[in-house]
Amino acid sequence: MKRVLVTGGTVFVSRFVATWFAENGYEVFVLNRANRPQPQNTTLIQADRHQLGSCLKHLSFDAVLDVTAYDAQDIHDLLNALGSFNDYIFISSSAVYPETLSQPFTETQPLGPNAIWGKYGTDKIAAEQALLQSVPNAYILRPPYLYGPMQNLYREPFVFDCAVQGRPFYIPGDGKMPLQFFHVEDLCLFIHLILQNHPSDHIFNVGNKESVDVNTFVQLCYQVAESPLSVRHVFSHPNQRDYFPFHNYSYTPDVTRQNNLFPQQKNLLQGLRE
């Protein structure tokens with residue numbers, strides 16, 4: 001049984017990761033401040049990752065699954081406190097790519113500020129750099145929009161609420177802006193694959209092989225809710241975030257590396273049903 005440390009473990013991605021690995025034969029430790037209910041069948045290490053002291057020094061892990069690092073200080077504080085570990089997998093973001101680069105984004109393109117994601121993206125870049133300076137063989141995953149059970153962001157749930165209440169849905173422009181998703185269970189399966197096989201590549205864009213446009217995404221959400229869809233296209237409102245839960249930003253990571261190892265991802269309709 002492999003022992004893994006999951007940072008967080010109480011909200012959306014980190015909670016799903018902790019739960020999935022606990023249900024699939026791993027001994028899971030979660031590191032958080034115990035301010036929320038804990039995932040079942042895990043061992044809590046109650047601490048703030050910025051004030052860890054010696055609470056981790058006596059422990060050894062087969063892998064550290066760092067879901068909650070957002071900047072370089074998050075990385076430094078955890079690494080300085082860890083005892084022994086074999087693998088380190090960091091969930092970064094595709095926000096590390098400047099929007100001015102050619103798309104789809106590849107793992108070998110230069111990183112830099114992104115006008116849409118701002119500080120979130122530059123902080124993730126700093127976190128990646130800090131990790132690789134200390135752990136050169138760490139694995140870094142760069143997802144697009146993550147979705148699935150335990151979602152805490154009002155994106156897909158907003159569309160579902162509109163559908164359940166029978167509201168027309170307001171779509172920005174012609175609705176042809178692409179969105180790329182990745183289900184949290186597929187994220188777990190890919191992490192598991194890395195831990196089993198230790199691929200030679202260490203940085204991966206992760207995501208569905210195919211993106212969908214806004215029109216299709218909304219149609220699928222209403223289909224899942226078994227509600228008829230009435231669409232209103234909006235062409236003049238200055239800020240689409242006032243009425244639509246995604247940024248006005250079309251971006252697509254190239255997931256060829258991922259697909260060479262993990263060619264089948266969850267169908268978006270199935271994932272939205274879940």
- Query: Out of Leu141, Leu78, Leu65, any idea which swings most in a Gaussian network model of the chain, alpha carbons joined below 10 Å?
  - Reply: Leu78
- Of Tyr251, Tyr154, Tyr139, which is the most mobile in a GNM of the chain whose springs link Cα atoms less than 10 angstrom apart? Tyr154
- Within 10 Å, count the other beta carbons around each residue, average over each peptide in 233-239, 192-198, and list them highest first. 192-198, 233-239
- Please name which of Gly148, Ser200, Ser134 has its Cα lying farthest along the dipole of the range 112-257 towards the positive end, using unit charges on Cβ (Lys, Arg +1; Asp, Glu -1) and the Cα centre as origin. Ser134
- What number comes out for the charge environment of His202, summing +1 per Lys or Arg and -1 per Asp or Glu over other residues with Cβ under 13 Å away? -2
- Cα-centre dipole for the chain with unit charges at Cβ (Lys and Arg positive, Asp and Glu negative), debye to 20: 320
- Query: Quick one: if you stick a label point 7 Å off each Cα along the C-beta vector at Ser250 and Gln223, how many nm between them?
  - Reply: 2.2
- Message: How high is the relative contact order of the range 85-154? Use alpha-carbon pairs under 8 Å, at least six apart in sequence, and give a whole percent.
- Response: 44
- Task: Keeping the other protein chains in place, figure out the carbon and sulfur percent of the accessible area of the chain, with a 1.4 Å probe.
- Result: 47
- Projected onto the charge dipole of the range 60-123 (unit charges on the beta-carbon of Lys, Arg, Asp and Glu, signs +1, +1, -1, -1), the Cα from His76, Phe105, Ala63 with the largest positive-side position is that of Phe105
- Could you pull out every residue, at least 5 positions away or on a different chain, whose amide H is within less than 5 Å of the one on Ile140? Hs are placed 1.01 Å off N in the peptide plane, and Pro or chain starts have none. Phe90, Ile203, Phe204
- Message: Please give the charge dipole size of the range 1-127, origin at the Cα centre, charges +1 on K and R Cβ atoms and -1 on D and E Cβ atoms. Round to the nearest 20 debye.
- Response: 300
- Inter-probe distance in nm under a simple model that places probes 7 Å from Cα toward Cβ, at Lys2 and Gln264: 2.1
- Residue-ordered couplings for the range 215-225, obtained by feeding phi - 60° into the Karplus form 6.51 cos²θ - 1.76 cosθ + 1.60 and rounding to whole Hz (Gly and Pro as x), are 4, 5, 4, 5, 4, 5, 4, 5, 4, 4, 7
- Long-range Cα-Cα pairs in the chain (distance over 34 Å), rounded percent: 21
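Which shape class, rounded, prolate or oblate, goes with the range 31-182 when its Cα gyration tensor gives a ≥ b ≥ c as root eigenvalues, a/c under 1.5 marks rounded, and past that a/b bigger than b/c marks prolate?
Since a/c reaches 1.5 but b/c is at least a/b, the shape of the range 31-182 is classed as oblate.
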- Item | In order through the range 68-81: 3J(HN,Hα) via Karplus (6.51 cos²θ - 1.76 cosθ + 1.60), integer Hz, x for Gly, Pro | 10, 7, 10, 8, 5, 5, 4, 5, 4, 5, 6, 4, 5, 9
- Given the peptides 29-37, 88-96, 117-125, arrange them by the average over their residues of other C-beta atoms within 10 Å, most packed first. 88-96, 117-125, 29-37
- Query: Just the accessible area for Thr252, please: 1.4 Å probe, Å², rounded to the nearest 10?
  - Reply: 40
- On the formula 1/(1 + (r/R0)^6), with r taken between the Cβ atoms of Ser54 and Lys119 and R0 of 22 Å, the FRET efficiency rounded to 0.05 is 0.10
- Query: Dividing the convex hull volume of the Cα atoms of the range 229-274 by its residue count, what figure in Å³ per residue is obtained?
  - Reply: 125
- Note on the structure: Asserting the computed 222 nm helical MRE of the chain (DSSP H runs at least 4 long, -39500 (n - 2.57) per run, divided by residue count, to nearest 500) equals -9000 deg cm²/dmol
- Query: Taking Cα pairs under 8 Å and at least six residues apart, what relative contact order does the chain come out at, in percent?
  - Reply: 18
- FRET efficiency for Phe235 and Phe158, using Cβ-Cβ distance with R0 set to 25 Å, rounded to 0.05: 0.75
- Note on the structure: Contact order relative to length for the range 1-41, counting C-alpha pairs under 8 Å separated by 6 or more residues, stands in percent at 48
- Accessible area (Å², 1.4 Å probe, nearest 10) - Glu107: 30
- the range 269-274 - phi-based ³J(HN,Hα) in whole Hz, Karplus 6.51/-1.76/1.60, Gly and Pro as x: 4, 4, x, 5, 4, 5
- Message: For a quick check: with amide H placed at 1.01 Å from N, whose amide H comes under 5 Å from Ala225's, ignoring anything fewer than 5 positions away on the same chain?
- Response: none
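The values are calculated or read from the model by the stated rules, or taken from the named source; none is laboratory data. The model shown is predicted, which means the values in this text are computed figures rather than measured ones. Cβ: placed from backbone, ideal geometry, glycine included. Neighbour counts: every protein chain shown. Ligands, DNA and RNA are stripped out before the accessible areas are found, and what is left, the full protein with its side chains, is counted by its heavy atoms. Shrake-Rupley method; radii C 1.70, N 1.55, O 1.52, S 1.80 Å.
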